[in-house]
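Have a look at the structure below before the remarks.
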Amino acid sequence: MKATVNARGMLIVEPENELEAYALGKWSAANLTDRFCASKPDLKLIVNCEQWPDAIEPVTVGVIPWLSRGAQKP
């Protein structure tokens, strides 16, 4: 992994190979999906996987769980 800090204090994390891209994508999915929760501090983090776009799973914000699974409303 390559990590740099830009002039605005943002930490930029970039994988250097496909395995690192996969691991960073899985970590991002587990740790960065609740970015709009008011109880979490604002992270100054950029995860850049532009060389491996399939590593990052698309995140849908504001999904109602029972709608996303196609189940009936509880």
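Scanning residues 5 or more positions from LEU45 or on other chains, those with amide H under 5 Å from its amide H are LEU11, with H placed 1.01 Å from N in the peptide plane.
Spin-label model, ALA3/ASN17: points 7 Å from Cα along the beta carbon direction are separated by 2.0 nm.
Computed from the coordinates by the stated procedures, all read-outs in this text should not be read as laboratory data. Here the structure is a predicted model, which means the values were calculated and not measured. Note: ideal-geometry Cβ built from the backbone for every residue, glycine included; neighbour counts use all protein chains shown.
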